[in-house]
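> If you scroll down you'll find the structure; I have some questions about it.
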Amino acid sequence: MSKSEFAQAYTERMFPDIAAPAGYIDPEFEVLFDNFAFDEVITEEGRNVPAKDRFLAILATLVGASAVDEYALMLPAALNFGLIPDEVIELIYQAVPYLGIGRVRPFFKVTNKIFDYRGETVADPSRSTITAASRLEKGVEKQVEIFGESVRHSYEEGPEDTRHIKKWLANMFGDYYTRKGLSVAHREMITFCFLAAQGGCEPQLKAHVEGNLNVGNSKQYLINIASQCVPYIGYPRTLNALRCIQDGYTAWEAKQ
């Protein structure tokens, strides 16, 4: 088998300065992987997404999977396809509450090194829109926007000994989801990818499927996003994500 014309053109656009990035592993593997990831996955009829969404999903999936080496390879490709530094940094910021700083700190380091090497600059270095006094109120507003009116007072409900976690969660939506740089729809999409990639978070993944649907990301769009991520997280976690999409969609549809 040889590399397809589409895969060859796509990889040359992603990696204009590197002849065969995957070939550093094994030349035969390069053909096998590139024909799938950079042709079949992209050209499958009715399963494609805009390039910005594809690369946001890929980067979020790689962060969720703690795949630092592959992220370092794909970040320049994402920038070559038009993703801007502000969007990348916002993706890394938002990964922290879902993955923890222990898994995310290496991605800050790699991102900064690549930006420095390429001479990339962040256009808007101050993207916060809240204050210490407004973060809870604004966070609750975002929770309601994403999950519905039923969550408006959730930070005040539940057992007294764990209620502080719900307040912190509401504050988190204020801290992160109100920031400039990514739309709420894109934030929910990358959160879907963080959760799908790390695994073991199926209840939260199902909830964020409903959140995605509430902010305008359709069931088909989520299936297409999951499809774009198959080469980076494999089939088992993708199949789990597809099941959560169906379950989340069923629950969402019942509420309409």
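The values are calculated or read from the model by the stated rules, or taken from the named source; none is laboratory data. Every value quoted in this text rests on a predicted model; they were computed, and no experiment measured them. Cβ placement follows ideal geometry from the backbone for every residue including glycine, while neighbour counts extend to all protein chains displayed. Only protein heavy atoms, including side chains, enter the accessible area calculation; ligands, DNA and RNA are left aside. Shrake-Rupley method; radii C 1.70, N 1.55, O 1.52, S 1.80 Å.
> Please go through the stretch 230-256 and pick out each residue that is surrounded by 17 or more Cβ atoms within 10 Å (Cβ to Cβ), over 15 Å from the mean Cα position of the chain (by Cα) and closer than 15 Å to Gln198 by Cα.
Within the stretch 230-256, Asn240, Cys244 qualify.
> So Leu79 passes all but one of these: (1) open to solvent by less than 30 Å² (accessible area, probe 1.4 Å); (2) under 15 Å from Pro231 (Cβ atoms). Which condition number does it fail?
Checking Leu79 against (1) open to solvent by less than 30 Å² (accessible area, probe 1.4 Å); (2) under 15 Å from Pro231 (Cβ atoms), the one that fails is (2).
> Next question, about the same structure. Go over the candidates Glu30, Glu45 one by one and state the one that is free of Cβ contacts under 8 Å to residues at least 60 places away in the same chain, assigned to a helix (DSSP H, G or I) and either open to solvent by 20 Å² or more (accessible area, probe 1.4 Å) or not basic (Lys, Arg) (or both).
Numbers: Glu45 fails: assigned to a helix (DSSP H, G or I).
Answer to the selection: Glu30.
> For residues in the stretch 185-229 being over 18 Å from Ile146 (Cα atoms) and outside any helix (DSSP H, G or I), which is most open to solvent (accessible area, probe 1.4 Å)?
Of everything passing the filter in the stretch 185-229, Gly200 is most open to solvent (accessible area, probe 1.4 Å).
> Can you tell me which condition Asp17 does not meet? The list is (1) part of a helix (DSSP H, G or I); (2) without any contact (Cβ under 8 Å) to a residue 12 or more places away in the chain; (3) touching a Pro at 6+ places or on another chain (Cβ under 9 Å), and all the others hold.
All conditions are met except number (1).
> Does at least one position in the stretch 105-115 carry a residue that is more than 20 Å from Phe194 (Cα to Cα) and either in contact with an Asp or Glu (Cβ under 6 Å, 6 or more places away or on another chain) or open to solvent by less than 30 Å² (accessible area, probe 1.4 Å) (or both)?
yes
> Looking at the stretch 132-148, can you tell me whether even one residue there is at pLDDT below 95, open to solvent by 40 Å² or more (accessible area, probe 1.4 Å) and more than 21 Å from the chain's Cα centre (by Cα)?
no
> Which of the residues belonging to the stretch 103-131 are in a helix (DSSP H, G or I) and over 18 Å from the mean Cα position of the chain (by Cα)?
Taking the stretch 103-131 as the starting set, the residues that turn out to be in a helix (DSSP H, G or I) are 103-118.
The answer is Lys109, Asn112, Lys113, Ile114, Phe115, Asp116, Tyr117, Arg118.
> If you scan the stretch 57-100, which residues turn out to be touching a Pro at 6+ places or on another chain (Cβ under 9 Å) and among the polar types (S, T, N, Q)?
Ser66, Asn80
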